[in-house]
Amino acid sequence: MSDAMVESEATEPHARDRMRALVRRVADTCDLPTLPAVAARALTLARSPDAKANDLAKLVLTDGPLAARVLKISRSVLYTRRYPPNSLQDAIVTVGFGALRKILIAASARSAYRADDAVAQKLWEHALATALAADEIAVASGRPRGGDGFIAGLLHDIGKLVFHLSDPDGYRTVAGKDEAAEEALFGVSHAAVGACLAEQWGLDTEISEAILLHHSGDSAALAVQLATADRIAHEIGYASAAECATGEAEEVPDGDFDVDASHVALVERVMSSFESERSSFE
Ligand SMILES: [Fe+2]
Ligand SMILES: [Fe+2]
């Protein structure tokens, strides 16, 4: 990733207004997956300066499947510490409140993809592969794991899931096609739906902007990271669900990086982390 990163659009004053207008438009058009109620309350509590790990653990434990997923993800390599946490409270103390917020988002995103739906499963695999690729790109640039790139990767194509769930036959006709085809059928692109969901789930505007722009060739750092990670997910065989939905192979998106030795090594790390990490999100 180039260090000469162009200033993110998210830093422009109009970015938040633009996202708000988008949220209003998409909310009128689509039913977006909502955050599980307990996750939403825990996210609010985790932002409070008075929050205590004990209270957060008690709250998250009121949703058994969510609590199990949060504990599992906190034990993953993304948040590895010398001693893996034994309890949810231990996990919260170990990873900290900032990482806990990301884990709650990751656990909530996972729960939107049903295991008995083949298209949803393919979309999930693509989301996780993209998130892990974004994470490896972050690490290669000296940044920590489990950051904004990871969360943006998990959510970048969730708009496709929204289309598939709301109109499976309609989604089949646009899967693998460009955003213009999606806009013609659904009135919005999957990128706009994903950005709207990220906004509604309370993520930073930089993340929703990167999701909005991940097919646009935008030069904001996170959008570039996301587009590169998206391409790597295709390269390692975890394309989005177009092939599953339509029976036709999907083209690998264009990228602007050299396929040199460091890229090959990075792709290998993504493949191995996908194999080791997928069980952390089941
Ligand atoms: Fe996409
Ligand atoms: Fe994608």
Of all residues in the stretch 1-33 being exposed (fewer than 11 other Cβ atoms within 10 Å of the Cβ) and in a loop (DSSP other than H, G, I, E, B), the one that is modelled with the highest pLDDT: 31
The stretch 179-222: number of residues that are loosely packed, with under 15 Cβ neighbours inside 10 Å and either more than 16 Å from ligand 1 (Cβ to nearest atom) or farther than 19 Å from residue 119 by Cβ (or both): 7
The one condition in (1) touching a residue at least 24 places away in the same chain (Cβ under 8 Å); (2) in contact with a Leu (Cβ under 7 Å, 6 or more places away or on another chain); (3) away from ligand 2 (no atom under 15 Å from the Cβ); (4) not charged (D, E, K, R) that residue 165 fails to fulfil: (2)
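Test residue 117 against the criterion of being of a type in the set (D, E, K, R), crowded, with 20+ Cβ neighbours inside 10 Å and away from ligand 2 (no atom under 16 Å from the Cβ), and give yes or no.
Details: of a type in the set (D, E, K, R): yes; crowded, with 20+ Cβ neighbours inside 10 Å: no; away from ligand 2 (no atom under 16 Å from the Cβ): yes.
Taking the combined requirement at face value, the residue does not satisfy it.
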Whichever residue in the stretch 223-243 is at pLDDT below 90 and over 28 Å from residue 28 (Cβ atoms) and, among such residues, is farthest from ligand 1 (Cβ to nearest atom): 243
2 or more residues closer than 13 Å to residue 152 by Cβ, in contact with a helix residue (DSSP H, G or I) (Cβ under 8 Å, 6 or more places away or on another chain) and not assigned by TED's automatic domain parsing to the domain that holds residue 123: qualifying helices (runs of 4 or more DSSP H) within the stretch 169-223: none
Selected residue [more than 15 Å from ligand 2 (Cβ to nearest atom) and either at pLDDT below 90 or closer than 26 Å to residue 76 by Cα (or both)] from 247, 217: 247
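Mind listing whichever residues of the stretch 76-96 are farther than 20 Å from residue 155 by Cα and surrounded by fewer than 18 Cβ atoms within 10 Å (Cβ to Cβ)?
First pass over the stretch 76-96, keeping only residues farther than 20 Å from residue 155 by Cα: 80-96.
Hits for the stretch 76-96 are 80, 81, 82, 83, 84, 85, 86, 87, 90, 93, 96.
A quick yes/no check of all residues on (1) at pLDDT below 95; (2) more than 16 Å from ligand 2 (Cβ to nearest atom); (3) under 28 Å from residue 191 (Cα atoms); (4) outside any loop (DSSP other than H, G, I, E, B):
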residue	(1), (2), (3), (4)
86	yes, yes, no, no
91	yes, yes, no, yes
97	yes, yes, no, yes
103	yes, yes, yes, yes
133	no, no, yes, yes
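The values are calculated or read from the model by the stated rules, or taken from the named source; none is laboratory data. The structure displayed is predicted, hence computed values, not measured ones. Cβ coordinates were reconstructed from backbone atoms using ideal geometry, including for glycine residues, and neighbour counts include every protein chain displayed.
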